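The values are calculated or read from the model by the stated rules, or taken from the named source; none is laboratory data. As the structure is a computational prediction, the values presented were derived from the model and not from experiment. Quick reminder, even Gly has a Cβ in these numbers, built from the backbone with ideal geometry, and neighbours come from all protein chains shown.
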Amino acid sequence: MTSAGPATPPRALAESGKPLARLSGFARHAMAIASADLLKLKRDPTELFTRAVQPLLWLLVFGQVFSRTRAIPTGALSYLAFMAPGVLAQSVLFAAIFYGIAVIWERDLGIVHKLLVAPASRSSLVTGKAIAAGVRGLVQGVIVFIIALLLGVHVRLDPLSVLGVGVAVFMGSALFATFSLLVACVVKTRERFMGIGQLLTMPLFFASNAIYPITMMPNWLRAIAEVNPLTYLVDALRTLMVMGAVSVTGVPLDFAVMGAGIVGLIVAAAWLYPDLAR
Amino acid sequence: MPAPESAIATDGLTRRFGDRVAVDRLTLSVTPGAIFGLLGPNGAGKSTTIKMLTTLLPPTSGSARVSGFDITTEPARVRRAIGYVPQLLSADGSLTGAENLMLSARLYDIPRAERKPRIAEALAFMGLTEFARLLVRTYSGGMVRRLELAQAMLHHPAVLFLDEPTIGLDPIARRSVWERLQQARRQFAMTILITTHDMEEAEVLCDTLAIMHAGVIAALGAPAELRSQIGPDATLDDVFAHFAGGAITEGGSFRDIGRTRNTATRFG
Ligand SMILES: Nc1ncnc2c1ncn2[C@@H]1O[C@H](COP(=O)(O)OP(=O)(O)OP(=O)(O)O)[C@@H](O)[C@H]1O
Ligand SMILES: [Mg+2]
């Protein structure tokens, strides 16, 4: 450090009030958070592989057995092809829904406190976390995607479809991770969070179109599935990933629901995030 | 902007948690460039005071200005002007020292071209240059504290808040933190508010001490002044016992102790 005297901190662009400068400040802060988080992933990628085990089992065991029974009407698709995007979405959900644990860990130390006294806006901090979760999901998605390919699912490989799958996986991860962060902000302790996490994942998974079509469901379950964001993620993935699959809800609606969900959750999480330091 | 007369000024600052008044109508003022020590038994309200001044916790009533900015109406400006090392551990153990500093540099809008030199300077200042590329998880307690100080000072804040910065450190590590704080104050004319349980630290480091007890300030003055109030041969321990006496056995919930221990054991 030089003896620069009581340096006035750089008048930040973010404070200058111009919308464009604010936006660039927001983006820079979000990227700072995201890249710090992703450094950790780069350093310890083992979790990505351990997390690939479960989808592999679903596809190999559950998928193979149910393919034989033909108990589930999946139209022109084989059951394995039908459920592969569902299992991809499931792996995204199960990984993202426990993202809040890391945030509680950061609170139990004092990392959240440090972030919250920085001049970055709360929404940029939360957005940074969402972006990091999106990238984590993407890396994991690649693994499940390859497994599906190896199992002989007729996967669409044209660039636009693959890109669409990537975007959907990114958005799904960001959405459920932000939801998880929101829950963490409310419950604040690891024990309560684990309880709630367990409680949420299975209903979210079964009340969706991941492993059976909505048309098979009794009305009450169908009503739940139709407000479950996982349904829209699965629909987008299935349509974009599997040859011959037909969208039920419409891909534009799928992305619109996920986009709106992410924005709403980020706003709510940014509002509650400071509670973690109180 | 004209220099504010007080680096920190509080007026009736109060915080309740349910029925419990953690900080009770606190009114104090810290002159720019001073090292101000906040002493008091567990549960006295020291951390709560710091959390309000750093905008982490909204006050129940009263007001405060830090570096001339109001903590409730101008929190963003306050945050830009301050550095803070929480009582808990705030460096990220799964990042390296340099990565922790880079995160701070980016969050504090230090321009890209300045980041690397600023980080190198901060590492050198804190004697961490050779450990910059090691994971913080592998640091000793003293190194972690110095890194946290480097993070908190990277943007050259006008006011630095340190919540028990030397708890759990061995005597040598403690001294090295003190020396760095004194040097930083000289170089950057920084105002420092520090909480501590350590009377030696209070004596060596602080220009002014406030002894806090049950949310109120029981005594205020320079260390020598406080000692002479009690008696000719009084130590700061005597001063502390006099003004916060009895509190040591009754104060401090299980929660407080747990949190303190948490800090002391660091990464375990
Ligand atoms: N988030 C909270 N919810 C409820 N009570 C709280 C909370 N934070 C602090 N308190 C209570 O307020 C009082 C003051 O706590 P504070 O942490 O400010 O004390 P302290 O002086 O920093 O103590 P220590 O020396 O143990 O760090 C204590 O009785 C504490 O239990
Ligand atoms: Mg404290």
Check your understanding: Of the residues that make up the stretch A:229-249, is at least one in a helix (DSSP H, G or I), of a type in the set (Val, Ile, Thr), surrounded by fewer than 20 Cβ atoms within 10 Å (Cβ to Cβ) and out of contact with any Leu (no Cβ under 7 Å at 6 or more places or on another chain)?
Key -> no
Revision key, fill the gap. Residues of the stretch A:216-271 being of a type in the set (Gly, Ala, Ser) and farther than 21 Å from A:Thr127 by Cβ, in sequence order, are A:Ala223, A:Ala225, A:Ala236, A:Gly244, A:Ala245, A:Ser247, A:Gly250
Review point. Name the residues in the stretch B:88-136 that are within 7 Å of chain A (Cβ to nearest Cβ) and part of a loop (DSSP other than H, G, I, E, B), would you?
Key: B:Leu88, B:Leu89, B:Ser90, B:Asp92, B:Ser94, B:Leu95, B:Tyr108, B:Asp109, B:Ile110, B:Pro111
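Among the listed residues B:Thr60, B:Thr49, identify the single one that is within 16 Å of ligand 1 (Cβ to nearest atom), more than 11 Å from chain A (Cβ to nearest Cβ), surrounded by 23 or more Cβ atoms within 10 Å (Cβ to Cβ) and farther than 24 Å from B:Leu101 by Cβ.
Criteria check complete, one pass: B:Thr49.
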Study note, to complete from the structure: Across the stretch B:21-46, the tally of residues that are within 14 Å of another protein chain (Cβ to nearest Cβ) and near ligand 1 (Cβ under 8 Å from one of its atoms) stands at 2
Point to revise | Flag for B:Leu26 being within 16 Å of ligand 2 (Cβ to nearest atom) and closer than 18 Å to B:Ala218 by Cβ | key: yes
Check your understanding: Residues in the stretch B:38-54: is at least one within 13 Å of ligand 2 (Cβ to nearest atom), touching a Ser or Thr at 6+ places or on another chain (Cβ under 9 Å), closer than 30 Å to A:Lys40 by Cα and modelled with pLDDT of 95 or more?
Key -> no
**Study point:** Matching entry among A:Arg51, A:Arg136 (being under 26 Å from B:Val136 (Cα atoms), in a helix (DSSP H, G or I) and either over 22 Å from the mean Cα position of the chain (by Cα) or not aliphatic (A, V, I, L, M) (or both))
**Key:** A:Arg136
Check your understanding: Are there any pairs, at least 6 apart or on different chains, whose C-beta atoms fall under 9 Å, with the first in the stretch B:41-58 and in a loop (DSSP other than H, G, I, E, B) and the second within 8 Å of ligand 1 (Cβ to nearest atom) and of a type in the set (Asp, Glu), and if so, which?
Key -> B:Asn42/B:Asp256; B:Gly43/B:Asp256
Exercise for review: Those residues that are crowded, with 21+ Cβ neighbours inside 10 Å and either modelled with pLDDT under 90 or within 16 Å of ligand 2 (Cβ to nearest atom) (or both), I need them from the stretch B:185-208; list them, please.
Suggested key: B:Phe188, B:Leu193, B:Ile194, B:Thr195, B:Thr196, B:Glu201, B:Ala202
Point to revise | Given (1) modelled with pLDDT of 85 or more; (2) away from ligand 2 (no atom under 16 Å from the Cβ), index of the condition B:Gly245 fails | key: (1)
**Study point:** Total residues in the stretch A:243-273, condition at pLDDT below 95 and in contact with a Pro (Cβ under 9 Å, 6 or more places away or on another chain)
**Key:** 2
Practice item. Among residues belonging to the stretch B:10-46 that are surrounded by fewer than 21 Cβ atoms within 10 Å (Cβ to Cβ) and hydrophobic (A, V, I, L, M, F, W, C), point out the one that is nearest to the chain's Cα centre (by Cα). Key: B:Ala34
**Study point:** B:Thr55 within 16 Å of ligand 1 (Cβ to nearest atom) and more than 16 Å from B:Arg25 (Cα to Cα)
**Key:** yes
